[in-house]
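Okay, structure first, notes after.
Values in this text are rule-based calculations from the coordinates and carry no lab data. For clarity, every value in this text was computed on a predicted model and none was experimentally measured. Here the Cβ positions follow ideal geometry from the backbone for every residue, glycine too, while neighbour counts run over all protein chains shown.
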Amino acid sequence: MPSPRRAADDRPDRRVVYSEFGDAVNPDAIARAVPDLPPNQQNLKVQLSRKGRGGKTVTVISGFQHKPETLQALLKTLKNRCGTGGTVKDNNLEIQGDYADRLVALLVEQGYKAKRSGG
């Protein structure tokens with residue numbers, strides 16, 4: 001009968017010979033740290049876009065340095081205040097419709113440094 005220790009050592013995840021970036025078994029151990037700066041240290045740009053959206057206008061807010069969970073919570077607040085839909089794409093918030101002026105006011109009210117960009 002084989003010893004319990006030997007059976008545990010034969011598992012494929014335990015047979016790492018060399019790992020350059022730390023713990024190869026746990027990919028979360030090498031996850032990139034995302035800075036979560038306070039709102040007053042972030043410079044945001046609010047602009048309108050229609051490219052690739054079939055002529056529909058979308059208000060894009062870029063320049064965030066937040067974790068994805070924080071962005072989702074902020075998106076929910078902004079969508080509720082504007083009464084429209086939106087999404088998070090590539091660390092940017094996209095709100096459906098032309099709400100640039102309203103969003104700048106809402107972001108400044110929450111402590112962000114936000115400016116309207118573009119025409």
Checklist outcome for this item: Net charge near L75 (other residues with Cβ under 14 Å of its Cβ; Lys, Arg +1; Asp, Glu -1) is +2
Checklist outcome for this item: Surrounding charge for L44, neighbours by C-beta under 9 angstrom, Lys/Arg +1, Asp/Glu -1, total +3
Next on the checklist: On a straight-distance basis, which lysines could pair with K51 in a cross-link, Cα separation under 19 angstrom, same-chain partners fewer than 8 positions away excluded?
Outcome noted: K89
Next on the checklist: Counting only other residues whose beta carbon sits under 15 Å from that of I61, what net charge do I get with K and R as +1, D and E as -1?
Outcome noted: +4
Next on the checklist: Testing the spin-label approximation: label points 7 Å from Cα along Cα→Cβ at R116 and K67. State their distance in nm.
Outcome noted: 3.4 nm
